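So the structure is just underneath, and the comments pick up after that.
Values in this text are rule-based calculations from the coordinates and carry no lab data. A quick note: this is a predicted structure, and the numbers were derived from the prediction, not measured. No Cβ is skipped: glycine too gets one built from the backbone with ideal geometry, and neighbour counts run over all protein chains shown.
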Amino acid sequence: MFLDENLQRVIDAMSDGVYITDGYGVTVTVNKAYERITGLNKRSLVGKHMSEIVKAGFISRSVSLEVLKELGAVTIVQTIGNDHQIFVSGTPMLDAQGRIEYVVTTVRDITELLKAKRAEEKLEQIFKLREHYGASVENAVNKSSFIISRNTKACYDLAKKVATSSAKIIIQGETGTGKTLLASTIHEYSKVCDGPFIELNCAAMPESLLEAELFGYVPGAFTGALNKGKTGLLEAANNGTLFLDEIGDLPLSLQAKLLKVIAEQRFIPVGGTEFKNTNFRLISATHHDLKRQVEAKLFREDLLYRLNVVPIHLPPLRERTDEVKPLLEHYIQHFNDKYELDCRWHPDLIAHLSSYDWPGNIRELINLTERLVVTTDEPLITAAQLPKELAIKKFMNLGVHTLKSQVEALEQQLITEALLEHGTTRAAAKALDIDQSTLVKKQKRWRQNNNEEQEDDV
């Protein structure tokens with residue numbers, strides 16, 4: 001006998017599995033840990049050659065045979081049954097002549113370890129998704145504090161009121177009006193505020209890629225798929241908020257799948273066969289008229305009813321003129337901090353920009369501010385630095401055809417163009433051959449009239 005009773009008791013006391021063969025590959029003994037880890041019975045193994053055990057399908061490979069072949073230590077990962085994996089390390093024991101007398105193999109169950117590793121990889125994938133698609137909601141409430149117009153305040157008041165419920169919200173408004181900021185504010189006031197805020201623009205990618213991003217996919221789901229598969233945003237947004245911007249551009253095939261997710265709170269990844277559960281707060285946004293989209297057969301009516309529980313209409317910036325100045329001040333400070341500069345607006349330029357229509361809304365204002373900050377040669381940004389498309393803008397309503405109004409409108413246009421060209425009131429007045437004090441008084445009166453008109457509108 002290779003092992004007496006005491007030695008068998010010693011290896012049986014080990015937590016790792018032990019498998020011993022002779023120098024020909026015939027099984028001598030195994031310990032209790034090996035039986036427990038693999039589910040194989042000692043009696044069915046002892047006396048059998050390792051090739052028989054592999055052929056019978058008990059194990060996928062034999063490390064003992066590898067050791068006898070390589071004449072040295074070998075370590076492999078072995079599969080028991082369908083999915084049980086063990087870490088196997090075989091070491092030869094030599095006799096006095098240097099021949100292999102026994103092969104001692106130690107076995108450690110790594111199934112749970114591999115599961116933990118896969119879970120860690122999945123978690124890392126989720127974190128990367130959240131980092132890539134997660135809109136920053138830090139200090140969202142503070143960021144919205146400069147939004148002061150009555151129309152916008154009504155939007156935010158309604159948003160905060162319904163935020164604590166689970167009701168689905170759809171934000172309607174032109175591109176660039178601040179829909180993401182409003183959605184992030186809803187998230188901040190919601191019961192899932194400690195969870196992720198995931199944003200996806202449905203108009204930003206083709207249908208096939210959009211489906212993979214939303215639902216994720218299993219390994220080998222399609223050509224070019226990652227070997228490990230990919231976690232989708234529906235899963236990444238679990239216990240948080242999923243914000244689907246430009247929902248009106250979501251393809252009809254995905255609208256049907258999204259409707260099913262909303263109804264059942266579960267989904268199947270691309271190429272998968274098993275459901276995954278998810279629970280998130282859904283906020284959507286669009287610049288389209290979804291009722292017209294439904295009439296045109298471009299949007300599902302049943303999905304619209306699911307999404308349109310609480311509609312919030314965010315007005316364009318041209319209807320929120322009293323926000324322009326605080327927005328300009330906010331973003332010039334933001335870009336000053338970003339680029340370590342100290343730029344500031346000329347008061348006349350702020351008045352000029354407050355009367356602009358802003359077809360690109362807040363996004364256009366942000367881009368213009370950054371452009372002027374990084375291109376100006378002087379700390380004081382004046383009308384002279386404006387892009388050509390914004391340079392000539394009449395303040396007054398020229399629809400009034402009285403002689404006095406048209407003369408005053410012409411005066412304003414000439415003074416504005418002179419300021420754009422010369423940059424200062426002194427230089428502009430000199431070019432127009434008037435006193436600087438006269439020019440300043442006219443500007444002051446026009447600004448006062450403009451402010452009074454805005455107050456009448458509120």
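Looking at this model, which pairs from K325/K444; K161/K257; K260/K297 are more than 21 angstrom apart at the alpha-carbon? Spell out each step's value before the answer.
Working: K325/K444 17 Å; K161/K257 30 Å; K260/K297 19 Å.
Flagged as over cut-off: K161/K257.
Evaluate 2.2 N^0.38 Å with N set to the residue count of the range 145-295, then give the Cα radius of gyration divided by it.
Details: Rg = 16.3 Å, N = 151, 2.2 N^0.38 = 14.8 Å.
My calculation over the Cα atoms of the range 145-295 gives 1.10.
Report the GluC sites (Glu not before Pro) located in the range 290-359 that are in a DSSP loop and have at most 15 other Cβ atoms inside 10 Å of their Cβ, or state none. Before the final figure, lay out each step's value.
Details: sites: E295, E301, E319, E323, E329, E340; in loops: E340.
Taking the range 290-359 and a limit of 15 other Cβ atoms within 10 Å, the loop GluC sites (Glu not before Pro) found are E340.
Roughly how many debye, to the nearest 20, is the charge dipole of the range 289-336 about its Cα centre, given +1 on each Lys and Arg Cβ, -1 on each Asp and Glu Cβ, and no other charges? Spell out each step's value before the answer.
Details: 8 positive and 8 negative charges, 38 e Å.
For this selection, approximately 180 debye.
Given R₀ = 25 Å, what would the calculated FRET efficiency be for E340 paired with K388, taking r from the Cβ atoms and rounding to 0.05?
Details: r = 29 Å, r/R0 = 1.14.
Once the sixth-power term is evaluated, E becomes 0.30.
Express the Stokes-Einstein translational diffusion coefficient of the range 5-109 in µm² s⁻¹, to the nearest whole number, given a Kirkwood radius over alpha-carbon pairs, 10 °C and a viscosity of 1.306 mPa s. Write down the numbers at each step before the final one.
Values: Rh = 13.6 Å.
For the chosen part, D equals 117 µm²/s.
Work out the charge dipole of the range 178-245 with +1 on the Cβ of Lys and Arg and -1 on the Cβ of Asp and Glu about the Cα centre, then indicate which of G229, P196, S208 is farthest towards its positive end.
Farthest along the dipole direction, towards plus: G229.
Multiply the residue separation of R9 and L259 by 0.36 nm, subtract the distance between their alpha-carbon atoms, and state the gained length in nm to one decimal. Kindly include the intermediate steps, with their values, before the conclusion.
Working: separation 250, 0.36 × 250 = 90.00 nm, distance 6.19 nm.
Result: 83.8 nm gained on full extension.
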